[in-house]
Structures are given as structure tokens and as C-alpha cells.
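One structure below.
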Amino acid sequence: MRRNWEAIWMVARREFVDQFRDWRIVAPMVLLMALFPFIADDTTQEAIEFMGRFGGNLILERLVPFVILVIGFFPLSFTLVVALESFVGEKERGTIEPLLSSPLDDHQLYLGKLLVGIATPLVFSFVSIVIYLILITRRDVAFPSFYLLALVLLLTFAHAVLMVSSAIVISVQATTVRAANLLASFVVVPVAFLLQGETALIFWGNESVLWYAIVGVTLLSALIVRLGVSHFRREYLLGREIDTLNFKQLWLVFTGRFVGNAESIRDWYAVELPETLKQIRRPLAIVLLLGVAAVAASYLWVVVNVPGYLDISPEIENRIKTLVNQNLTDLDDLSGQISAPVLFYHNARAVVIMLLLGVASFGTLGVTLFLVNMGLVGGVLGGASLLGVSPGLLFAAGILPHGIFELSAVFLSVAATLKAGALLVTPQQDKSLGELLLVALADWFRVFIGIALPFLAIAAVIEVYVTPQLLQMIVPYF
Amino acid sequence: MIETNDLSKQFNNNFWAVRGVTLDVQPGQILALLGQNGAGKTTTVRMLTALLAPTRGYARVAGYDVTKNPKEVRMNVGVLTEQHGLYLRMTGDEYLDYFGKIYGLDAQARATRSKYLLDYFGLAEASRRRSGEYSKGMKQKLALARSLMHSPSVLLLDEPTSAMDPESSRLVRDEIARLRSFQRTIVICTHNLAEAEALADHIAIIYRGKILLNGTLDELKRRVLGPMEYEARFADAFDASGLSLPPGVEVVSRSETSLKFRIESPQVANPKLVHALTSMNAPLISFHEVSRKLEQVYLKTMAEAQGLAYAA
């Protein structure tokens, strides 16, 4: 174990020393680290004066944590170049082969590079933040609490791990430094968006919500590190000199997997699709479990907490019931308001969005979106319960008829998304990351085209023409 | 020791870089791997270093299977890569120390070994300078020192003397020869045929991933260029029309003052031939083997492989 860490540190230490001997790397980093806090300090003063004129005290309270987050982000985005060129740069300079020919393990090489990639920008970020904190003691602005400061620093650390781990995956997969640098925007832009979301959380004022961001970013980083270590191949680093985009080859890999050995559609449904369904048994069980848990949690939350938030008097309750009854009566006209094709399109689009989010986040965001939807179902049932309507009855009449198909389609699609995400972070000796992605997508499309689309079509027809009738039938029991 | 059987590598684009390479290099032997650029030499060496996984066949290096024990293989192999691969902002002694650490040498061993190698290759004075300031030859010597740092039992050297001046090349060749005497197993990939001829016990010629020829230099010469040739030189014009040739001897060319013979078994035929010449009172000045270079073997083999006529 000790020898293992020594080897990781050996790789990292050499990189540290190497970087700090290159003034072209050090000078801009030091300049940025030293100058930016002063700029931010001036901006803070301007903001204080501006807010002072309009009484924006609430915003002022949150200004410093926000600026700290921004100051932390800037050196991260700049020093990302160190991580981006960690492997591909060595490859271009021809220094990678002696290193790869050495007895160092793959994970020692990878984690050594990761360590230096994270530590360098973090040092610059934290020094910048400290300079800024010293500078603002002169200003008439609220100093953040220790708790909030710790949260923001933790978030900056999580950003560093996320950005660097992504950059190193790019560095291993890219064939040239130029390509790696071009791909950097795929790291910087999403994190910039993330930062905006976190800024909203800071100004929103509920500090504890930042924990969700920290946990989410850390989880994503862990998955990316896992992806990087899983797909780190010495052979891959040496084997490819140039990459050409071969659409024909991509298409062949995709269709080869999608069609399998089937010679007819019947064959495909009889052999290939069941094979895929067999493979997603475990993710399906996880999705079912999570889905039920989300419905139950949301239902309980509404039932327990909502009465406390809202003072529902019997009079208001009656008005709501009347309104609901009225709406249910109007359901007669639903087919005139919304057509089955539109509903089908909407649901299919939602499933595709879950896939896209899932692929970008190794399944996590796809599953999160699914859980939000499940939460809504639980919330509606909880609301019904508060109004005295049997949630079981509402579920049986309003959700189950079309839900048999719609929920099945969604469960299976999300399970396939989860499987695709898991596949990407699982070591595969014989496939490149690109091939693996195509295989994962082909498997997902098997489920989507083979089951989800037909089921969603049936569900849309039922939801427009059958479910409203059933809901109307249960109105008298409200 | 290096032992391979049917060693083959196919890349993702279905290109077979190496096909069916079978080698056997024992401790104390040097194998020179010759071939054009892109013939598969580097791919073969990378498989022997456990950097590339063979698609087919197997290889055992220093007693370890390259697929099953890649780490042990790398631990026992010293590799000089095509590019020197130096970290240019590190000094010579830092660089050797770094690789010594990677190979698990303790501080004392690193210092001793590093000093020896820097002294031997004449880099001691430059050892505190960053290798980016070194000349091409010095860089190559430092890279070679790196590959020797952990005293590996197997050495895989790609163009070990490229970019070196004649003195340095000689120094490197001497070191390689010395290592052979210490029972190291050595493979050299080179385009320098004179160097291969001077150093190698065995020579393998690789073309489009396949070994075309493999054997000792004498074996290759005999196989490719035919039986050995000997030349008799005379002080004056000599009429050899009445010369009775022993079995297995034929005259290849003649002039007034010389005769060239192709001889199947020189040990048996040469004494008889010299006797026949002196019996005829031939004014014999010298009788010697016609020198045949590895270059001829190589060029002829390559020409035949490409279906071209070989011009000697």
C-alpha cells in the first residue's frame, strides 16, 4: 500500500517540479492568482456602493461567497491545460513510452497525473481566495460564516476534481494536444453552467442546499475517475497516431450491435431483444426500487409537510374539490385539447432527454430526471389524499390504465440508460471508449424502438381516450 | 531470454502489423532485427515490453509471459525507444534517479549506478545540466543509460547509436558487447547494417510484419547469396584451362590474373584446390574468401520480397 502511494507520488512529484520549472506555465498562473483577487475586491466595493443605493442588503450578504466561488473557478479553468496535456502531451513529446515501459501500474500512472492535475489549480485557487478574503476585511461587507466558507471551499475542491478528472479522460483519449485543448470547452462550459446553478443556490439563501451540489459533483467526479481508470490503456496511448472520423465504421458498429444476428424482425424480437432485456435485469430492479421509493417519499412528504405549510380550511378544501370535479368533468373534451400523437411525442421526447442526460453523466442525471417524475406522481397522490380522495383509487383509475404501458416503457428505458452509463465506466479490454458508447447506444435503441415506442403509443391512446372516462367514473366517490 | 511463437498483432483497422513472429534469443546472445520503416520492428518490441497485447501467439521475456505477467516483464526489461523520451527540464542525474526510483532501486544503488553510467557515457560533467541543453548524441546516451539503470536481464534497443559520433557509437557498441558477456539477452532494431554485422549473433529480417530470414550471419549469407566464394590472385597471367576442380567447386569468374570460385565445403575443397593450383605452378599471390556483407543479404532479400531484380 505504502509502495503504491509512493509510486503515485513519484509520478506526481516529477510533474510538479517540471511545471514549476517552466516560466510559461508559472508566470500566467501567478499573475492570474495575484491579480484576480484585487479585481474582485474592487468589484465587491462597486457592488457594495451600488447595492447600498438601492438597499440590496440581502444580495450583499451573499456577495462574498459568490465571488469566492468565481475566484476559485478562474484558476481552475486556466490551469486545466496542465491536466489536458498530461498524457497526450507526453505522447507528443515522445516521453510517454519510457514511462509506459516501466513497471508502474496503470492506476499509479493515472492517479499520479490526476493528483498533480488537481493539486496545482487548487493551490492557485485557494491562494487567490485567501488573498481576496484578506482584502475584503477592509470593506463594509458581511464576512461569510465559517460554515458557508467551508461549503464554498469544498465546492471549489469538487469543481477541481470534476474538471481535472474530465480533462485527464480527454488527455488519454485525444491523439494530439491541439485536439485535447479544443475538447476543453466540453469541460469548462458545463462547469460554468453548473457554477451559475450553484450561484443561484447561494443567492437563494439556503446554504445547506449547497451540500446537494457538493455530493452531486463529487459523485460525478468519482464516476469520471472510474471511467478514466477503466479505459486507461497503454496500448491505446501508443497505438494511435491519428484519428479519422469514419462514419461508415461507426454506423457498422452501431447497426451490428442493434441488429445482432437477427435475419428478420421476428427473429430480432424473439432472440436479440430478450437478450438485451436479460442484460438490463439488474438495472431494471434498481430503477423499480428507486421509482417506488421516490413515489413513496414524495407521497409521505406531501402528506406530512403540506398541511403545515398551507392552512387548508374546510371551505378551501370544498372549493378545491369543486374545482377538481369541474376539471374532471371537462376531461370529456380532453381529446379535443390534446391529441394522442402530441402526448406520444412529448413522452418519447422525455425518454430521449433522460438518455441524453444519462449518457452525459453515466446514467445519474437520467435517473435523477426519472426520480423527479416519479416524485411528481407521489406528490399528486399525496395531494389527493389530503383532499380525502383515495390515492389507491386515483392511481387505479387515473394512472394505471395508461401507466401499465407508459411506466413500463419509462422503467425499461431508464434501466437501459443506467446500463449504458455503467457500461461506460466498466473496464473493457477489447473495446475503445467510442465503440463502447456505440454499443451502449445500440442497446438502448433496442429497448427504445423495440418496446418503449410501441408502448408509449398505446399509452398515449389510452391516456387520451380511456383514462378520462375512468376518472369521471370515480368522481362520485370523491 | 526471449522466446516467441507465432507472435502476431492486428490493430483495430484490421491491419496486421506483425504476423507469426517466432524468435529464440538466449542469454548472452544479441539479435539484430532488421527491416524497412513500418516493417513491424517497433510493434514487435512493444509486444516484448508488454505494451501491446499480442492478437495471437505468445511471448516469454525474462521467463515471464508478456500477457500474464506484464509488470514482471517490464521490471526485467530495459528499453531504448525510437525517440529518446527525455524530460528536457530534468538534469541528467535527476532523470536517472527518477527512473531508478521507478524501478525500485534504493538511494545508494541509484547513486552508484547513476554515477557509473554517467561516467561511462562521458556525461558526468553535464549531469547537472538540463537534458534539453544536451546535443542529440548526449541525449541518446542518457536515454541508453536510463534503459541500463536497473541492470535489466533483457535489453530492447531501438537504434542505439543513432545521432552519435563515431567515438560514442564505438563506446555504445563496446557496452553492448560487454553486456552480452554478462549473459544479458539483447535485441537491437537498427538500420545500421555494419553495426548489426559487428554485434549480432543472430539476425532476423522482417518485412510487412513477417520474418523473412532468421539465423546467424553465415547462415544468412549462405542461404541468400549461395555458397562462399574464394578468389585466387596470380602474379602473372595464368592459364587455368587445365585446372582440375575438386567436387563442389565451380569457377564463377576469371581474368588473366585471378580466378573466383564458389565452393560448397571450403574445409574439404580448399586444400585440394590450392594443391591443384600449386601443382600447375600457378604464380599464386593470395587465396582468400571474398568478403560478402550483410548489406548484400539484406538488399537481396528485400528485392526478392518486393519482386524486384537485385543488382549486386
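Every number here is computed from the coordinates shown, using simple stated rules; none is lab data. Just so we're clear, the structure is a prediction, and the values are computed from it rather than from any experiment. Methodologically, a virtual Cβ is constructed for each residue, glycine included, from the backbone with ideal geometry; neighbour enumeration extends over all protein chains shown.
Side notes on the structure shown:
- As a proxy for reagent exposure, B:Tyr230, A:Tyr309 were ordered by neighbouring Cβ count within 10 angstrom, fewest first; the result is A:Tyr309, B:Tyr230.
- Modelled FRET efficiency - R0 41 Å, A:Glu46 with A:Val372, Cβ distances, 0.05 increments: 0.60
- Folded to 0 to 90 degrees: helix B:136-148 orientation relative to chain B principal axis, Cα: 80 degrees
- Student exercise, the stretch B:1-108 dipole from Lys, Arg, Asp, Glu Cβ charges, in Debye to nearest 20: 440 debye
- Legend: translational diffusion of chain A by Stokes-Einstein, Rh = Kirkwood radius over C-alpha pairs, 20 °C, 1.002 mPa s; D = 82 µm²/s.
- Spacing of the modelled spin labels on B:Asp218 and B:Ser135, each 7 Å from Cα toward Cβ, amounts to 3.9 nm.
- About the Cα centre, charge dipole magnitude for the protein assembly as shown (Lys/Arg +1, Asp/Glu -1 at Cβ), debye: 1380 debye
- An ellipsoid equivalent to the stretch A:392-448, defined through the eigenvalues of its Cα gyration tensor, has semi-axes of 34, 10, 5 Å when rounded to whole angstrom and sorted largest first.
- In degrees, nearest ten, helix B:166-181 long axis to first principal axis of chain B (Cα): 90 degrees
- Here the extension length gained between B:Asp239 and B:Leu284 equals 15.0 nm, from 0.36 nm per residue of separation less the Cα-Cα distance.
- Ranked list, fewest to most other Cβ atoms within 10 Å of each Cβ, for B:Tyr95, A:Tyr345, B:Tyr64: A:Tyr345, B:Tyr64, B:Tyr95
- Sorting B:163-171, B:137-145, A:228-236, B:112-120 by average packing, meaning the other beta carbons within 10 Å per residue, from highest down gives B:137-145, A:228-236, B:112-120, B:163-171.
- The stretch A:71-191 - percent relative contact order, Cα under 8 Å, separation 6 or more: 49 percent
- Partner chain coverage, peptide A:18-30 - average Cβ within 10 angstrom: 1
- Placing a pseudo-label 7 Å from each Cα along the Cα-to-Cβ vector at A:Arg178 and B:Gln306 gives an inter-label distance of 3.1 nm.
- Spin-label proximity, B:Phe182 to the stretch B:18-46 - amide N less than 16 Å from point 7 Å beyond Cα toward beta carbon: B:27-30
- Computed lengthening from A:Ser145 to A:Arg3, 0.36 nm per intervening residue step minus Cα-Cα distance: 47.0 nm
- Helix B:294-305 axis, angle to chain B major axis (alpha carbon atoms, nearest 10°): 90 degrees
- Qualifying aspartates and glutamates (Cα of each under 18 Å from Cα of B:Lys300; at least 8 residues distant if same chain): B:Glu197, B:Asp218, B:Glu219, B:Glu229
- Pairwise FRET efficiency - A:Arg13 versus B:Glu167, Cβ, R0 = 30 Å, nearest 0.05: 0.25
- Highest-fluctuation residue, B:Asn281, B:Asn270, B:Asn37 considered, GNM on chain B with Cα pairs under 10 Å: B:Asn281
- The alpha carbons of the stretch A:152-241 stretch over 51, 23, 15 Å along the principal axes, in descending order.
- Spin-label pair A:Lys278/B:Asn37, simplified geometry with 7 Å Cα→Cβ offset, distance in nm: 5.1 nm
- FRET E, pair A:Leu219, A:Phe54, Förster distance 56 Å, beta-carbon r, rounded to 0.05: 0.90
- Ordering B:Leu148, B:Leu217 from the fewest to the most neighbouring beta carbons within 10 Å gives B:Leu217, B:Leu148.
- Of B:Lys141/B:Lys210; B:Lys210/B:Lys260; A:Lys91/B:Lys101; A:Lys113/B:Lys71; B:Lys41/B:Lys71; A:Lys419/B:Lys68, pairs whose Cα-Cα distance is over 28 Å: B:Lys141/B:Lys210; B:Lys210/B:Lys260; A:Lys419/B:Lys68
- Kyte-Doolittle mean at least 0.5 and Cα axial length at least 20 Å: DSSP H helices in chain A: A:23-54, A:57-84, A:106-136, A:146-173, A:185-204, A:210-230, A:281-309, A:340-360, A:364-386, A:400-424, A:433-447
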